[in-house]
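Reading through the structure tokens given below for one structure.
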Amino acid sequence: MANSLQHIAIIMDGNGRWAKKRLMPRTVGHVKGAANVRQMVKACADEGVSYLTLFAFSSENWRRPPEEISALMGLFLQYLESEVAEMKAAGIRLRVIGDRSAFAPLLQSRIDQAEQETAHNSRLHLTIAANYGGQWDVLNAMRSWQAANPGKQLQDLDAGGLAAHLSTADLPDPELLIRTGGESRISNFLLWQTAYTELYFTDAFWPDFDAAALKQAIHWFEQRVRRFGRTDEQVSANPAAAPGEQLSTAPLVPPAFKIS
Ligand code: IPE
Ligand code: IPE
Ligand code: MG
């Protein structure tokens, strides 16, 4: 049975090196990269994927030169202004996760507007992670849980309780994470949500990652045996059982097996 694939997350890396290879400024790579987002959203919709989450700007990317940050912010604004009408027509729901309070008021208002205007769509849930950090998300979730449960202690918090306060609370965990640009690291992206995600690293720079490359990644994903802690024999006897149990909040060690 093929692995089910609802949610793909992508770390869109390699724009700068794509441009450098062509002796062009890094910002040209970002322009190309932004244009590729449109193509990838369409490709994912064509593949029947329901959720696509894109890492556009990390909480650490503020360390970049100010001119590059301005160019990235400008591209984000331009993207929102040029794409929302098409998203509305194509049934795409856009959401932005991350600490948006650091953005210019105009960008914040365009984000709010784009979210509102596409809120009723459900064909593809596109989530853009901007000023996002996985550590920020987990800490924020703990604080938000505490604020929502004033009488409770930290011992009362379980995995499901925390997940319900993450910025991705109403998204399923990604089954597949793709990182372009040749690095094999998470760079503070979805730390909690990728506990059992299949990780696909490709040398292709983001502007070159096209629909055919996406198909290859999906094909690779389909070959994976997703065990969720079980043995191969258990998985082949009951292939449908494993997913969904990954965030089990019940203790997985039966009392009789405890060593002490
Ligand atoms: C990814 O490409 C885009 C952002 C982080 C905003 P990079 O800009 O990191 O490109 P490289 O890694 O320097 O090639
Ligand atoms: C990760 O890429 C962040 C995004 C793609 C938005 P980086 O280029 O910032 O990652 P590092 O610094 O190489 O780990
Ligand atoms: Mg990079």
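The values are calculated or read from the model by the stated rules, or taken from the named source; none is laboratory data. Because the structure is predicted, anything quoted here is derived from the model rather than measured. Cβ sites come from the backbone with ideal geometry, for glycine too, and all protein chains shown count toward neighbours.
Select from segment 174-186 the residues that are under 15 Å from Phe55 (Cβ atoms) and out of contact with any strand residue (DSSP E or B) (no Cβ under 6 Å at 6 or more places or on another chain) and list them in ascending order.
Thr180, Gly181, Glu183, Arg185, Ile186
Has segment 92-102 got at least one residue that is among the β-branched types (Val, Ile, Thr), under 21 Å from Asp137 (Cβ atoms) and in contact with a Ser or Thr (Cβ under 6 Å, 6 or more places away or on another chain)?
Going residue by residue through segment 92-102, those that are among the β-branched types (Val, Ile, Thr) are 92, 96-97.
Narrowing further to those that are under 21 Å from Asp137 (Cβ atoms): 96-97.
Now narrow it down to the ones that are in contact with a Ser or Thr (Cβ under 6 Å, 6 or more places away or on another chain): 97.
The answer is yes; a qualifying residue exists.
For segment 1-44, enumerate the residues that are more than 16 Å from ligand 1 (Cβ to nearest atom) and under 26 Å from Ala240 (Cβ atoms).
Scanning segment 1-44 gives Met1, Ala2, Asn3, Ser4, Leu5, Gln6, His7, Ile8, Cys44.
Checking the structure you have, find out if any residue of segment 16-29 is surrounded by fewer than 20 Cβ atoms within 10 Å (Cβ to Cβ), at pLDDT 95 or above and within 12 Å of ligand 2 (Cβ to nearest atom).
Scanning segment 16-29, I find at least one residue that is surrounded by fewer than 20 Cβ atoms within 10 Å (Cβ to Cβ), at pLDDT 95 or above and within 12 Å of ligand 2 (Cβ to nearest atom), so the answer is yes.
Going through segment 14-26 one residue at a time, which ones are within 14 Å of ligand 3 (Cβ to nearest atom) and either farther than 18 Å from Asp210 by Cβ or touching a strand residue (DSSP E or B) at 6+ places or on another chain (Cβ under 6 Å) (or both)? Even if it seems obvious, please write down each step before you answer.
Quick first cut of segment 14-26, residues within 14 Å of ligand 3 (Cβ to nearest atom) only: 14-21, 26.
Gly16, Lys20, Arg26 - these are the residues of segment 14-26 that are within 14 Å of ligand 3 (Cβ to nearest atom) and either farther than 18 Å from Asp210 by Cβ or touching a strand residue (DSSP E or B) at 6+ places or on another chain (Cβ under 6 Å) (or both).
Yes/no per residue for (1) more than 15 Å from ligand 2 (Cβ to nearest atom); (2) touching a residue at least 12 places away in the same chain (Cβ under 8 Å):
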| position | (1), (2) |
| --- | --- |
| Ala56 | no, yes |
| Ala89 | yes, no |
| Arg95 | yes, yes |
| Gly98 | no, yes |
| Gln113 | yes, yes |
| Glu117 | yes, yes |
